[in-house]
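What follows is a single structure, written as structure tokens, with notes after it.
The values are calculated or read from the model by the stated rules, or taken from the named source; none is laboratory data. Since this is a predicted model, take the numbers as computed values, not measurements. As a convention, Cβ positions derive from the backbone with ideal geometry for all residues, glycine included, and neighbour counts pool all protein chains shown. Heads up: the accessible areas ignore ligands, DNA and RNA and are worked out on the full protein's heavy atoms, side chains in. Shrake-Rupley method; radii C 1.70, N 1.55, O 1.52, S 1.80 Å.
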Amino acid sequence: MELPPHDDALAAFERARPRLFGIAYRMLGSAAEAEDIVQETWVRWQTADRSAVRDAQAFLATAATRLAINAAQSARARRETYVGPWLPEPVDTSADPALGAERGEALELAVLRLLEQLPPRERAAYVLREAFDYPYPQIASVLQVGEANTRQIVTRARRHLAEARPAPVSNAEHRRLLAAFIAAAQQGDLAALERLFVDDIVSYSDGNGRAGVARLPVVGRELVARFVANIATRQWAAVQFTWVEANGQAGLLITGGEPPVVFATISASAQGIEQLLWVVGEEKLGAMMAALGGSDGPPSASEPLRS
């Protein structure tokens, strides 16, 4: 049997590309690393015996997932030397809200941070099931384990996320809380900040050792309120705020201060803001900065998102 023409092989790969990126990004929390996985999958597709491939989309997804599992194992070792909290790289989802998924699951930064704590195979099983609705037999084939074991793996992952994270608020409420948080911080209003926070709120700052960036999580309503007010007083005198849609939710780029670029978002439940998530520096924000078309000034909850 002859191999499919090159154009057909390329077309099959291009159809799969959004999903391949979506799988790899959720697995690795890095757009650059996800693109590397996509490119390596293309190399494998070019050299595969495509005459023996019954389902090109399944072949490509399997290859990308297994490559991402291997990359996640290496990344875990590298992140042992990371200075301070590690957070995923925010990605602009205004053009592709689901990053190639039928569902938006496993995309929010807070969820990706929790997935990072799972073993790579467990993470892959959760992503394939919850984000892409793969049937259990197909996931079992990808992971090369039994179907019953696959179901147990997905159940463990679900339980881990459910125990670690309260039910999130709607995107509209998320945006309202984020705007209220920034307004209270700008005013140095400790009481208003504390009213927005749950008792055990945690602030995570990802700067990988950058000077002036907290290297340990800040925990507790009063401590986090003082921490934020101090940041706003010292660093936000002349900054610009730009609304962005990152990982399916509202976030803010804070530019023109010191550090010169910061991404900020929250994780919130019905009880209030549970986490503050800060990503500092262009290493993880370069792609988002490239898409930035200007600043919106101090944000309000009614302003439209810009990307």
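Side notes on the structure shown:
- Residue among 226, 221, 215 that is among the basic types (Lys, Arg), open to solvent by 30 Å² or more (accessible area, probe 1.4 Å), at pLDDT 90 or above and closer than 27 Å to residue 167 by Cβ: 221
- Every condition in (1) within 23 Å of the chain's Cα centre (by Cα); (2) more than 30 Å from residue 102 (Cβ to Cβ); (3) open to solvent by 40 Å² or more (accessible area, probe 1.4 Å) holds for residue 194 except the one numbered (1).
- Pairs meeting the criteria (first residue in region 164-187 and of a type in the set (Val, Ile, Thr), second residue open to solvent by 30 Å² or more (accessible area, probe 1.4 Å) and not in a helix (DSSP H, G or I), beta carbons under 7 Å, at least 6 apart or on different chains) are 169/270.
- When 68, 77 are screened for being under 22 Å from the mean Cα position of the chain (by Cα), more than 21 Å from residue 131 (Cα to Cα) and in a helix (DSSP H, G or I), only 77 passes.
- Within region 83-113, the residues that satisfy the criterion of being at pLDDT 85 or above, of a type in the set (A, V, I, L, M) and either in contact with a Cys (Cβ under 9 Å, 6 or more places away or on another chain) or assigned to a loop (DSSP other than H, G, I, E, B) (or both) are 83, 87, 91, 106, 107.
- Of 204, 134, all but one fail to be more than 23 Å from residue 86 (Cβ to Cβ), open to solvent by less than 40 Å² (accessible area, probe 1.4 Å) and aromatic (Phe, Trp, Tyr); the exception is 134.
- Whichever residue in region 3-16 is part of a helix (DSSP H, G or I) and either of a type in the set (A, V, I, L, M, F, W, C) or within 15 Å of residue 58 (Cβ to Cβ) (or both) and, among such residues, is modelled with the lowest pLDDT: 9
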